[in-house]
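Here's the structure we're looking at; comments come further down.
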Amino acid sequence: MCCESKRRFLLLYATQKGQAKAIAEEIWQQAGAHGLEADMHCISEMDKYNLETEKDPVVIVISTTGTGDPPDTARKFVKKIQDKTLPPDHFAHLQYGLLGLGDSEYMFFCNGGRTVDRRLQELGAQHFYDTGLADDCVGLELVVDPWIDGLWLALKEALQLQKEKESMNSAVDGVSSSLSTALHTVHELNLSSEVQNLKLGDGGASGSDVLSQKLDDINHVASARDAEPSLVHSVPPVSQSALNIPALPPEYIEVQFLDAQGENPHLSSLISEGTTFEVPVTKAVQLTREDAIKTALLLELDIADTTFEYQPGDAFCVVCPNNVSEVEELLHILGLSEKGDDLVCVKVKQGTKKKGASRPQHIPERSTLKFVLMWCLEIRAIPKKAFLRALVECTSDVGEKRRLQELCSRQGASDYTRFIRDSNVCLLDLLHAFPSCKPSLSLLIEHLPKLQARSYSVSSSNLYQPGRLCFVFNVVEFPAGPSRAVSWKGVCTGWLAELVAPLLRPSKNTLDAKGESSSTEKISIFPRPNNAFHLPADPSVPFIMVGPGTGISPFIGFLQHRQKLREQHPEWKFGETWLFFGCRHQDRDYLFKQLRCFLENGTLTHLKVCFSRDSSTAEVAPPKYVQDVLRLCAKEVARVLLKDRGYFYVCGDKKHMADDVSDAIVDILSMEMEADKLEAMKILAMLREAKRYLQDVWS
């Protein structure tokens, strides 16, 4: 084990998309300025650390993925500590602090971190520092920055107490008193969303560079002091402040252009999540009318010649590239337009100061430059502050340099949130806004995250359609804005729509449309099984499905599967099925009019639909949204959930639908049970815990 001095602490991270790792690296970089040394490892590298014998304080940074699961890198660790044979004092010797990352848009906020935290406590481990839970919905930095600021005092206190305990075993009472004092100090740290009110720059303890610049050096601020702030322009007090900016991340990647010829690696080599399958697209149908607000497409894939397996309710991932025109634009700005097809070699820079530096897994050692930008890097990612800090060094204009410094500083936190994060600004937007910024290719590889495969719900049943997999999606549109002159389509949905354009047939507004083609277009996919969002194991159990818009997708698979089971097992008893569907207009975006067939053959017992934008001449206006229809069926819904012990499934938009449905269920339970809302909320929580109220939602 390295770093064996008394000032050592163990730093573990568990990451899915790289955020937890980046934060751990920030902690590692700052540690030296505080006389400490972080022994940093991915939590999956269990051969490099041993919590059973660890004597020094442990800091854990862990994200959450899926519907509340620990990241893939933490699965083995979590399985190990959840061993029920472990005694309650297994980690009684362990002192730790944990920082969890999550998104409150999702039901199980920070559940990856909470799971580890709870289990370590059950096994006797002690906090030396309060747990921090950072919310990506409002900005991770609102909790992360002050949590790191407070970490150093807590670590020093913990290490000092450890030293005293080792050298003064006879003075147990004295050590206990010190421990109490230290813990009291640590617990005073406030990690609420108001943390930006903390004093900045106290004692220089953040490891940041403090930049004091005179206003007369910043002519672009002085000339427009009273103007509104924007991405490229600041106003007082930010424009007049001395800035606390992050430490410059060490460079660690080197890119060499090669004269040699070579082929690009297969896409499967970029995927660490499991086996990928290259499958043909056999059918594409536009489910919405041309004048619908959103364009919904159904794609059918041929998986007959693969070992790909799925259940209705599962999801799968599509490996997709960046938009080719955006890649070409980026190459042009970088002055590399003529080198897109050149072979590059990516390796670790000799003499780098970055601990444990290695070539990112998602970057091939050799490939063409265009392959790296097309398939490996998320060029639309919102730049982190560390990236902005690095871009400062690539910017020649003094005013642009200052503004980038402000955007990554503590003083400019609200500007970063408003003009970078909330505006979904990406690298191309920044390079247009700050034209003197000319980053190197190696800098992009260091700071841009992996281009993630996109996840979609399966909309079919392998029992009903053997060898076929269907899925439905809206073609996502991002409108132009102050920082972007043109609108964009979603990275994956835009690519898929363009890919299948030759397969589409106009005015095919039904699942049964004939759109067969000899197209040989293929896409790469890999499975992402859902552990809970499946049909009840007992077919006699009733269930309710709520899926407006493309949220109906998994329920088509549910109904296809149920129809086939009814045909194969007429002797079985099947529970009643309810489907609540909604869309804007009945004649424009009623995605699956085939639903009537399920109703007519008895697969679907009750179908309730609503159309939010259609006008009505009825004396009593019909309900507009699925939550309104649920309330009209309150007695039946309560009966299915409470008396018949049925299941309730919700799929679709989190913010604008799933939360409203949850509120409606609370109201229904409260009314039908004649109980207060708190009691109804407890019942709903019990249904969630029993996996009888299940969600597959997105933000």
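The values are calculated or read from the model by the stated rules, or taken from the named source; none is laboratory data. This structure is a prediction, so every number in the text was calculated from the model and none was measured. Glycine gets a Cβ as well: all are built from the backbone with ideal geometry, and neighbour counts include every protein chain shown. Accessible surface is based on the protein model in full, side chains and every heavy atom, while ligands, DNA and RNA are left aside. Shrake-Rupley method; radii C 1.70, N 1.55, O 1.52, S 1.80 Å.
For the range 569-593, give me each residue that is in a loop (DSSP other than H, G, I, E, B), of a type outside the set (D, E) and open to solvent by 20 Å² or more (accessible area, probe 1.4 Å). Spell out how you get there, then give the answer.
So in the range 569-593, the residues in a loop (DSSP other than H, G, I, E, B) come out as 569-576, 584-585, 590-593.
Filter again for of a type outside the set (D, E), leaving 569-570, 572-575, 584-585, 590-593.
Residues satisfying the conditions are H569, P570, W572, K573, F574, R584, H585, K593.
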I want to confirm something. Restricting to the range 99-109 and keeping residues that are under 26 Å from L86 (Cβ atoms) and out of contact with any Asp or Glu (no Cβ under 8 Å at 6 or more places or on another chain), which single residue is surrounded by the fewest Cβ atoms within 10 Å (Cβ to Cβ)? F108
Inside the range 495-528, the number of residues satisfying the requirement of being at pLDDT 85 or above, over 17 Å from S460 (Cβ atoms) and open to solvent by 60 Å² or more (accessible area, probe 1.4 Å) is 4
Do you know which residues across the range 26-81 are assigned to a loop (DSSP other than H, G, I, E, B), of a type in the set (G, A, S) and either touching a strand residue (DSSP E or B) at 6+ places or on another chain (Cβ under 9 Å) or at pLDDT 95 or above (or both)? S44, S63, G66, G68
When residues of the range 432-450 are limited to those that are open to solvent by less than 30 Å² (accessible area, probe 1.4 Å) and touching a Cys at 6+ places or on another chain (Cβ under 6 Å), the one nearest to A315 (Cα to Cα): P439
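On the given criteria, is G646 touching a Pro at 6+ places or on another chain (Cβ under 6 Å) and either farther than 19 Å from S457 by Cα or outside the structural domain of E576 (by the TED database) (or both)? Break it down stepwise before answering.
Values: touching a Pro at 6+ places or on another chain (Cβ under 6 Å): yes; either farther than 19 Å from S457 by Cα or outside the structural domain of E576 (by the TED database) (or both): yes.
Against the criterion (touching a Pro at 6+ places or on another chain (Cβ under 6 Å) and either farther than 19 Å from S457 by Cα or outside the structural domain of E576 (by the TED database) (or both)), G646 qualifies.
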Taking into account only those residues within the range 467-494 that are farther than 25 Å from Y310 by Cβ and assigned to a loop (DSSP other than H, G, I, E, B), which is least open to solvent (accessible area, probe 1.4 Å)? S483
Cβ pairs under 8 Å, 6+ apart or interchain, first in the range 353-366 and free of Cβ contacts under 8 Å to residues at least 60 places away in the same chain and outside the structural domain of Y13 (by the TED database), second open to solvent by 70 Å² or more (accessible area, probe 1.4 Å) and charged (D, E, K, R), ordered by first then second residue, are E365/K347; E365/R359
Considering (1) modelled with pLDDT of 95 or more; (2) farther than 18 Å from D145 by Cα, say which one L11 fails and leave the rest. (2)
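State the number of residues belonging to the range 242-263 that are assigned to a strand (DSSP E or B) and open to solvent by 30 Å² or more (accessible area, probe 1.4 Å).
Here is the first cut: in the range 242-263, the residues assigned to a strand (DSSP E or B) are 243-245, 253-258.
Subset that is open to solvent by 30 Å² or more (accessible area, probe 1.4 Å): 254-258.
Of the residues in that region, 5 qualify.
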Going through the range 415-455 one residue at a time, which ones are closer than 19 Å to T395 by Cα, among the small types (G, A, S) and part of a loop (DSSP other than H, G, I, E, B)? S436, S440
Pull out all pairs, ordered by first then second residue, where Cβ-Cβ is under 7 Å, the residues are six or more apart or on different chains, the first lies in the range 113-140 and is assigned to a strand (DSSP E or B), and the second is open to solvent by 30 Å² or more (accessible area, probe 1.4 Å) and among the polar types (S, T, N, Q). Q126/Q95; D135/S104
